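Here you go, one structure.
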Amino acid sequence: MGRERLFNAAMLLALLAVPLLAWGLQEPFIITLATKVAILALAGVGLNIALGLGGLVSLGHAAFFGIGGYAMGTLASHAQNYEPLFSWPFLFEGSNQMPLIWLTAVLASASGALVIGALSLRTSGVYFIMITLAFCQMLYYFAISWSAYGGEDGLSIWVRNEMPGLNTLDPIQFFAVAFGVLCLALWFSARLARSAFGLALSAARQSEERVETVGLAPFKLRLVAFVISGPITGLAGALFADLNRFVSPTMLSWHTSGEIMIFVILGGVGRLYGPLVGAAVYILLEHLLGGISEYWQIFLGLLLLGMVLFARGGLIGAPVGSGGGA
Amino acid sequence: MKLLKSLAMATAVSTLALSAQTMAAQAETKIGMITTLSGGGAGLGVDVRDGFMLAIEAAGRDDIVVVIEDDQRKPESAVQIADRMIQSEKVDIMTGIIWSNLAMAVIPAATAQDVFYLSPNAGPSALAGKRCHKNYFNVAWQNDNLHEAAGAYANDASLKNSFIMAPNYPAGKDALTGYKRMYSGELAGEIYTKLGQTDYAAEIAQIRASGADSVYFFLPGGMGISFLKQYADSGVDLPVVGPAFSFDQGILQAVGKAALGIKNTSQWNKDIDNAANAAFVADFQAKYDRLPSLYASQGFDTANLILSALDKADVKDQDAFRAALEAAEFDSVRGDFKFGPNHHPVQNIYVREVIQEGDIFTNKIIATGLSNHADAYASECKM
Amino acid sequence: MSFILILEQVLNGLQFGVMLFLMAAGLTLVFGVMGLINLAHGSLYMVGAFAAAAVAGLTGSFLLALIASLAAAAAAGALVEVTVIRRLYDRDHLDQVLATFALILIFSEGTRWLFGSFPLFLDVPAYLSGPVTLPFGIQYPLYRLAIIAIGLVVGAGLFWLIARTRIGVQIRAGEADREMIAALGVDISKLYTVVFALGAALAGLAGALVGAIQSVQVGMGEPVLILAFVVIVIGGIGSIKGALVGALLVGLTDTLGGVFLPRLFALMLEPADAASLGASLASMLIYILMAAVLLVRPSGLFGGSA
Amino acid sequence: MTNPVLKVENLSKSFGALKASNDVSLDLRPGEIHALIGPNGAGKSTLIKQISGGLRPDAGRIEVLGRDVTVLDTVARARMGLGRTFQISSLAMEFSVLQNAVLGALGARGRAFGLFRNVMRDAALLETAHDALSRVGLQDVAQQRTADLSHGQRRQLEVAVALTLKPRLFLMDEPMAGLGASGSKELTGFLDALRQEAPILLVEPDMDAVFALADRISVLVYGAVIATGTADEIRNNPEVRRAYLGEEELA
């Protein structure tokens, strides 16, 4: 385990060093890029709890990513237009305070995860992949036609939401917020993996029969895992929407689910820092290849294919060697 | 061959820009173009870019740098590229976005950071009305204009009971609102289809049963092609009217004879007789080996507008440059071109008919739907 | 709400269902026999359509175009199977999803590189175009009837192949127990290539048939891919019968839902809201249907193993 | 004789034409080892699966400690103290031996929703786990990955995990399979002592172990119990001899 912990620490330090360096060189865009890596890694960490620890292949995590985004969009748009969101039981005109927005995003995506999880976990294998995809598509089509919040045109927020004590408009400070939340999530998922719940959940992934025989219900374990995993991806959705100051149905599309899954697989499924490495590599590829040619996505496709076929344990598996896992 | 040429040119330009980034010479004007160059909707972005670069290269100025990037039709990619262009490459002017949802994601933030945005295509109603901005100009039209002209034409052609149809998304609702704003007849039916729908058999059956005397539809890209082919094959021969989006050069060849004779509204066509237009059509065909579409004409006009303003003022002096843009003293392919108070064009919108010249399908102007038409949101705009 | 309109809509639903069956049959076959999730199946649909458009453009014959679509898709399928898919059989669904997700990127942008960024022309042949009057006075496009006919013929051929021929026996055995048929001396790798190419050919044919009345453009395969997955999940993965029933069910639900839901709401709400609420619910309908089926039968109507 | 810990009454289960369990009735008394023998395919595993809750019988009742469990699932029956080992070992292969044992102890505790504290530093769980491992002789391979264990060691780990549940009765499906002569002898001694802790329903083809251990033996042939009795009664029962032992001369 030692080598993996060293590698993880190096990755985290790199993610911290790059924007600080860019801040010194007055290169704000690199800071924004690093913030995007931190936020998408957070979305991956959320999925990795369900996918890496619990073995739940969910192709619908964009649903929570989108719910988090729209939670932010709804509150912030009402705040900026001074229209009350609801007047009963108290007059509430939305808010542009990040803590309250995060809380709403977490609660909304947790309840979404509870409903979708309770229904989807009755199936398994490919059917589970497809039913999570179905729920995600349902939300996607709903968002497109829900004209109250921009429908397919999406919803733009003029000014990034505020964080008490920080000026979130300054890229480096917003990076600090995103980086902090990512570290918190990584610490939490590390503790979770080693906790009693983590042990039982991982056992359910390996042998459902064994977990039943010791008297623990796999369905409950997986549902709780889903309800923990959803809000973390939802929180990432809220932060992502704040990064772009824009929310749109594309956050809910199955392509987004696919991309979040790519972050986890690229880094190495079940690897604690897998999503961080996966997100960083994917975004770097998208950024670097983007300029090369009009048909850059062919190269992206070839690289992804090569990684899946040859880097068996994902990008962390290769340098750190096998072993490890949850 | 032409693909490789435009590919090489695009790479050359962007690598040139990347290298030029380090020594940001003061005299230089930097233009950032974000448009869709991959995926299903790439045809529109390629046309805008080719039209734009045709004018820039014709001017032969060495103090203009153009950075071109692909937004993959994804709002978050467009925002990310826009942030880079504004924050790190310090562009003075931005342009290129095709789709309304990407425009809404990028333009408000860009204009708020003192960057001029000249839209060659997307003209969402919000940016023409309450949320207009002094740094935002639209060179093409406001999204409703072509639909309003179609409504006006329907009255002239005494169509009394039209069946109208659009996808179930904001631009679709704007389209039918625009049509109804000018149309004075009855509505035999108003239906919204699923975005990206490819099979319209059910809708055509409803049209057949509705007793309408004409059909007005707004279905951009592949949706329009599918509908037109299935409509032609269905034996329902009610006259069809549509906006230019389903009848421009890139789409017409894929629809073929199913589109012959169909009326559509557009602010541009290749047979508008003025010197600039004739030269544009000839030069475009010579350089890119294909007829220009209305998107190419919009890209070309946007470039010439910038060039005319640069002749009169330095882009760093924003007020002077804005005045130069508002004056719009350049010979547009549409003839005389002027802006309304909310920086949206006040222009003629023609009615075209699809014809066949040799084995190429194209359009010819048959009437003027609306002349000197401004958009309906100008009054809400307080700059 | 005339009776004729209802009948016409049912025919539309059937035609859409039959087309979905061509797509779903290949998908469920590949998963049933090789246990592989192939997200790139939609790209083979696109390859078929582009091949047909190209050949129709050169030769002007629709028949040659259809044959070309079968051949091109089968060739592309076999090539992809030998180079990439073969390495994925023993990998878990995760790696299969990512690898085939990458294949979508390669196919889409590769096709755009070869054929350019604009939609291609592919039209219904003269002898099949225009409407024909059916009993009850329904005017219905001849070409759509042709699609229903071709689809049913191909479907029957597929059932015959699975039930009666040697390859069919091997396919059914492979679905039951992959290790067993390897032990029995069946050349597994050849069988897998054949099955994959067969699935690809079916998708290519569907692409060509539909391409004539829809738009042949990059990315046309993706919305159909999602529908095909919904179909095989409802029908039960691995079961051809399930794919047929699922396809017809989804075809009818999507078509009739799109027509009747807005009218249903129009009784309650005023037109504009009814239209957009109806349309949005209609687009969500098949996903609601799939979730409902899975809740009642967690492995599909005719589903075997998950 | 106090009332039985486990009572099975008229249990029937058929798969199409095959009657896997044909009106089976048997019970398990405290402090007893009740062996279940029969030729392959007699329906022993199907019977075990129905008792443990993995399979729902077509007819009949199952009672554990006086409570009807016929409709309860595996998890509920396990919580009532039904410990089980599997014929084909079903363990968490990626885990270490100790982690599997701790999983058992966690199951015994019942609440698995501790999200923060490191489970491998939970003194109570570790004590139960180490105690069970040492009783089956696996304490010195505690840190090894289960996947790297020998087949015999995995059988021992199955028993150990069952022990951590502190069950009120054991269902053991061929625990001796794959153990060498010495391993079987050792486990036989261990089970002999274990019966005081909780009675054992033992399915085991190894005749020496069965006759050495079992207080009572039931013989299952084609899904039906043809005889139940002490080792001697079974050995001399003509029906058993004909249907099952046949020419094999008994030691």
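The values are calculated or read from the model by the stated rules, or taken from the named source; none is laboratory data. Everything quoted here is computed from the prediction, not taken from an experiment. Note: ideal-geometry Cβ built from the backbone for every residue, glycine included; neighbour counts use all protein chains shown.
Taking region B:39-81 as the search range and keeping residues that are within 14 Å of chain C (Cβ to nearest Cβ) and of a type in the set (Lys, Arg), which one is surrounded by the most Cβ atoms within 10 Å (Cβ to Cβ)?
By that ranking, first place goes to B:49.
Checking residue B:271 against (1) part of a loop (DSSP other than H, G, I, E, B); (2) touching an Asp or Glu at 6+ places or on another chain (Cβ under 7 Å); (3) surrounded by fewer than 19 Cβ atoms within 10 Å (Cβ to Cβ), which single condition isn't satisfied?
Status for residue B:271: all satisfied but (2).
Follow-up. Being within 14 Å of chain B (Cβ to nearest Cβ), farther than 23 Å from residue B:87 by Cβ and at pLDDT 90 or above: is that true of residue A:62 here?
Here the answer is yes, as residue A:62 does meet what is asked.
A further question follows. The conditions are (1) part of a strand (DSSP E or B); (2) at pLDDT below 90; (3) farther than 18 Å from residue B:148 by Cα, and residue B:369 fails exactly one of them. Which is it?
Only one criterion in (1) part of a strand (DSSP E or B); (2) at pLDDT below 90; (3) farther than 18 Å from residue B:148 by Cα is unmet by residue B:369, namely (3).
Looking for whichever is modelled with pLDDT of 90 or more, farther than 21 Å from residue D:194 by Cβ and not assigned by TED's automatic domain parsing to the domain that holds residue D:194 here; the options are D:103, D:98, D:115, D:157. Which one fits?
None of the others qualify; the one that does is D:98.
Would a scan of region C:185-208 turn up a residue that is surrounded by fewer than 21 Cβ atoms within 10 Å (Cβ to Cβ), among the hydroxyl-bearing types (Ser, Thr, Tyr) and modelled with pLDDT under 85?
yes
Another question about this same structure. So which of A:68, A:24 ends up being under 30 Å from residue A:285 (Cβ atoms), of a type outside the set (A, V, I, L, M) and out of contact with any Ser or Thr (no Cβ under 8 Å at 6 or more places or on another chain)?
Result of the check over A:68, A:24: A:24.
Report yes if some residue within region B:297-314 is farther than 25 Å from residue C:219 by Cβ and not in a helix (DSSP H, G or I); otherwise report no. Step through it out loud before you land on a result.
Of all residues in region B:297-314, those farther than 25 Å from residue C:219 by Cβ come to B:297, B:300-314.
Still in the running and not in a helix (DSSP H, G or I): B:313-314.
Scanning region B:297-314 turns up at least one residue that is farther than 25 Å from residue C:219 by Cβ and not in a helix (DSSP H, G or I).
Can you name every residue in region C:99-126 that is part of a helix (DSSP H, G or I), β-branched (Val, Ile, Thr) and under 30 Å from residue B:260 (Cβ atoms)?
Within region C:99-126, C:111 is the sole residue that qualifies.
Are any residues in region B:261-280 under 18 Å from residue B:251 (Cα atoms) and aliphatic (A, V, I, L, M), and if so, which ones?
B:262, the sole residue that qualifies.
May I ask you to say which residue of C:50, C:21, C:62 is within 20 Å of residue C:216 (Cα to Cα) and touching a Pro at 6+ places or on another chain (Cβ under 6 Å)?
After applying the criteria, what remains is C:62.
Let me ask another. Kindly evaluate residue B:174 against the criterion of being at pLDDT 90 or above and not polar (S, T, N, Q). Quick ask: steps written out before the conclusion?
Values: at pLDDT 90 or above: no; not polar (S, T, N, Q): yes.
Answer is no for this residue.
Name the single residue, out of those in region B:118-168 being in contact with an Asp or Glu (Cβ under 8 Å, 6 or more places away or on another chain) and of a type in the set (Lys, Arg), that is surrounded by the most Cβ atoms within 10 Å (Cβ to Cβ).
Applying the filter and picking the extreme gives B:160.
Of all residues in region B:167-196, how many are within 14 Å of chain A (Cβ to nearest Cβ) and closer than 24 Å to residue B:366 by Cβ?
Adding up the residues that qualify gives 2.
Counting residues that are within 13 Å of another protein chain (Cβ to nearest Cβ) and farther than 23 Å from residue A:205 by Cβ, which helices (runs of 4 or more DSSP H) fully inside region D:97-192 reach at least 2?
Because the criterion is at least 2 residues that are within 13 Å of another protein chain (Cβ to nearest Cβ) and farther than 23 Å from residue A:205 by Cβ, the helices (runs of 4 or more DSSP H) in region D:97-192 that meet it are D:123-136, D:151-164.
Could I ask something else about it? If you go through region A:306-324 one residue at a time, do you hit one that is more than 20 Å from the chain's Cα centre (by Cα) and more than 28 Å from residue A:193 (Cα to Cα)?
Restricting attention to region A:306-324, the residues satisfying the condition of being more than 20 Å from the chain's Cα centre (by Cα) are A:306-313, A:317-324.
Filter once more, keeping what is more than 28 Å from residue A:193 (Cα to Cα): A:306.
Yes - at least one qualifying residue is present in region A:306-324.
Could I ask something else about it? Of the numbered conditions (1) at the interface with chain C (Cβ under 9 Å from one of its Cβ atoms); (2) charged (D, E, K, R); (3) touching a residue at least 60 places away in the same chain (Cβ under 8 Å), residue B:203 fails exactly one; give the number of that condition.
Failing condition for residue B:203: (3).
So which of A:84, A:89 ends up being in contact with a Phe, Trp or Tyr (Cβ under 7 Å, 6 or more places away or on another chain), farther than 22 Å from residue A:233 by Cα and assigned to a loop (DSSP other than H, G, I, E, B)?
The match here is A:84.
Could you tell me which numbered condition residue D:145 fails, if it satisfies all but one of (1) surrounded by 13 or more Cβ atoms within 10 Å (Cβ to Cβ); (2) over 24 Å from residue D:186 (Cβ atoms)?
If we test residue D:145 against (1) surrounded by 13 or more Cβ atoms within 10 Å (Cβ to Cβ); (2) over 24 Å from residue D:186 (Cβ atoms), just (2) comes out false.
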